[in-house]
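Here is the structure we will look at, set down as C-alpha cells.
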Amino acid sequence: MAMIELSIRILLTITVLMFALLLVVIAYLMLKRGLEVSRNKKKMKYIETKQKEWYSYLIEDREPSSTLIPNNESEVKAVEEIFSSYLYNISDSEILAKIKLFSNNYLKEYYRSRIRSHRWSTRMNALYHIFDFQMDELVEECEQLEIKKLTLQEQVQLLKIYSICHKEVFITKLLQCPTTLTEYEYKKVLYRLDPTVLEQLIVRMDDLPLECQYSLIDILGVKREPQYLSFLESCLHNDDAEIRIRTLKAIFEIGIITDLDKYLPFITSQIWEERLMMAKLLGALPISITSSYLQELLEDENWWVRTQAAKSIGRNKDGKIVLQSYINSSNDRYAIEMANQVLGKES
C-alpha cells in the first residue's frame with residue numbers, strides 16, 4: 001500500500017512539474033511573440049514615416065537627413081528592407097553608391113557586432129547584408145572570421161564579399177579556399193565579378209579547380225560579351241571534354257562565330273554532345289554556308305543531334321526549302337522522318 005501511495009505522489013509531482021514547465025514555455029513563447037510584434041510595428045512605423053526622405057536621398061540626390069539614422073534594431077531592419085527593395089527593383093550604380101556610403105557610415109558598428117556573434121544565423125545574416133550593401137569598411141573584420149572554423153555557406157559568402165569589396169585579394173582567397181565548392185557555389189561567387197577581376201581569373205584559368213573552370217565558362221556564356229570569344233575559342237582545344245562542351249555552349253550564347261573552320265572538327269566528334277552543340281551553333285549562320293554540314297548532322301546516329309540539326313535548318317530563312325529538297329533526295333529514313341516533323345508533315 002505504501003508503495004502505491006509513493007508512486008502516486010511521484011506521479012503527481014512529475015505532473016505538476018510538467019504542467020509548470022509547460023506554463024513557462026507558453027509564457028516564453030507569448031513574450032517572444034509580443035516582442036516580435038512590437039519590433040515589427042516599430043519597423044513598419046519607420047518605413048511609413050521615412051520613405052519620402054529615403055526617396056529624396058536615393059532618387060532625388062539630396063543629402064541624407066540625420067533623422068534617417070536608425071536608433072535601434074527595429075529601425076535597422078527597416079533600413080535593410082528599404083535598401084533591399086531599391087536594390088531589387090532599381091538597378092542603378094548611383095543608388096548603390098549611396099546605399100554603400102550610408103551603410104559604411106551608420107550601419108558599420110551594428111554589422112561589426114553581428115559578425116562576431118556566436119550564432120551562425122546572426123553572422124550569416126550580417127554577411128549577406130555586407131555583400132548586398134558593399135560595405136568595404138568591414139573587410140578586415142570579415143578576414144578575421146577566417147581564423148575560425150567556418151561553414152561552407154560562410155566561406156562562399158566571404159568570397160562573394162571579397163569579389164566586390166576586396167578585389168585585390170579575391171583570386172588568392174579563391175585559390176586558397178579550404179573547401180572545394182560545387183559548380184553552383186562557384187557561380188554564385190563569380191557572377192558579379194568586375195570585368196577586370198574576371199580577366200585576371202581568365203589568365204589563371206589553369207590554376208582553378210575544375211568545378212570553378214566549368215563555372216567560369218558558363219558565366220562567360222551568360223554574360224554574352226564578344227570580348228571573351230577569343231579566350232573561349234582557345235578552350236576548344238582543352239583535353240577535358242566537359243570544358244569543350246561548355247565552351248561550345250558559351251559561344252552559342254554569345255552568338256558569334258568568326259572562323260567556322262575552327263569548329264568543323266566537332267561535326268565528326270566521337271562525343272555526341274559536341275555534335276549537338278555544333279548543330280545549334282550552325283543554326284546561327286546563313287543556310288547557304290551551313291547546309292551541307294547540317295544535313296550531315298541530320299543523318300547523325302544520335303536522335304538529339306538529328307532533332308537539333310533539323311530544327312536549325314528549319315529556323316533559317318530558306319530552311320524549309322532545304323528540308324524539302326533533302327526529303328526528295330535522301331534515302332535515310334530516320335533523317336527524312338525528322339525533317340518531316342519539322343515541316344509539320346506526316347512521315
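If you go through segment 155-172 and pick out every residue that is buried (at least 16 other Cβ atoms within 10 Å of the Cβ) and farther than 16 Å from residue 137 by Cβ, you end up with 8. When segment 43-71 is filtered for residues that are loosely packed, with under 13 Cβ neighbours inside 10 Å and not in a helix (DSSP H, G or I), the ones remaining, listed by number, are 60, 61, 62, 63, 65, 71. Is it fair to say residue 199 is among the acidic types (Asp, Glu), touching a helix residue (DSSP H, G or I) at 6+ places or on another chain (Cβ under 7 Å) and closer than 29 Å to residue 264 by Cα? It is false that residue 199 is among the acidic types (Asp, Glu), touching a helix residue (DSSP H, G or I) at 6+ places or on another chain (Cβ under 7 Å) and closer than 29 Å to residue 264 by Cα. Suppose we filter 285, 193 for residues that are more than 28 Å from the chain's Cα centre (by Cα) and at pLDDT below 95; which single one remains? When all the criteria are applied, what remains is 285. Quick one: how many residues across segment 291-301 are open to solvent by 30 Å² or more (accessible area, probe 1.4 Å) and either not in a helix (DSSP H, G or I) or not acidic (Asp, Glu) (or both)? Qualifying residue count for the region: 5.
Quick grid of which residues meet (1) surrounded by 11 or more Cβ atoms within 10 Å (Cβ to Cβ); (2) without any contact (Cβ under 8 Å) to a residue 24 or more places away in the chain; (3) of a type in the set (Phe, Trp, Tyr):
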| residue | (1), (2), (3) |
| --- | --- |
| 91 | no, yes, no |
| 99 | yes, no, no |
| 105 | yes, yes, no |
| 108 | yes, no, no |
| 112 | yes, no, no |
| 120 | yes, no, yes |
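Given (1) more than 18 Å from the chain's Cα centre (by Cα); (2) farther than 29 Å from residue 114 by Cβ; (3) at pLDDT below 95, identify the lone condition not met by residue 229. Result: residue 229 fails condition (3) only.
Checking the structure you have, find out if any residue of segment 184-204 is outside any helix (DSSP H, G or I), crowded, with 19+ Cβ neighbours inside 10 Å and of a type in the set (A, V, I, L, M, F, W, C). For segment 184-204, residues outside any helix (DSSP H, G or I), crowded, with 19+ Cβ neighbours inside 10 Å and of a type in the set (A, V, I, L, M, F, W, C): present. Within segment 304-333, the set of residues being of a type in the set (A, V, I, L, M, F, W, C), open to solvent by 90 Å² or more (accessible area, probe 1.4 Å) and in contact (Cβ under 8 Å) with a residue 12 or more places away in the chain comprises 304 only. Checked against the criterion of being under 22 Å from residue 258 (Cα atoms), assigned to a helix (DSSP H, G or I) and of a type in the set (Lys, Arg), the candidates 280, 320 yield just one match: 280. Of the residues making up segment 264-290, those that are more than 25 Å from residue 240 (Cα to Cα), surrounded by fewer than 21 Cβ atoms within 10 Å (Cβ to Cβ) and of a type in the set (S, T, N, Q) number 1. Screening 282, 298, 294, 276 for residues that are touching a helix residue (DSSP H, G or I) at 6+ places or on another chain (Cβ under 7 Å) and touching a residue at least 40 places away in the same chain (Cβ under 8 Å) leaves exactly one candidate, 298. Of all residues in segment 29-45, those that are modelled with pLDDT of 75 or more have Cβ atoms under 6 Å from Cβ atoms of residues that are among the hydrophobic types (A, V, I, L, M, F, W, C), 6 or more apart or on another chain, in 43/78.
The values are calculated or read from the model by the stated rules, or taken from the named source; none is laboratory data. Predicted model, so just to flag it, every value in this text is computed and none were measured. Using ideal geometry, Cβ is built from the backbone for each residue, glycine included, and neighbour counts are taken over all protein chains shown. The area values use the complete protein model at the heavy-atom level, side chains included, leaving out ligands, DNA and RNA. Shrake-Rupley method; radii C 1.70, N 1.55, O 1.52, S 1.80 Å.
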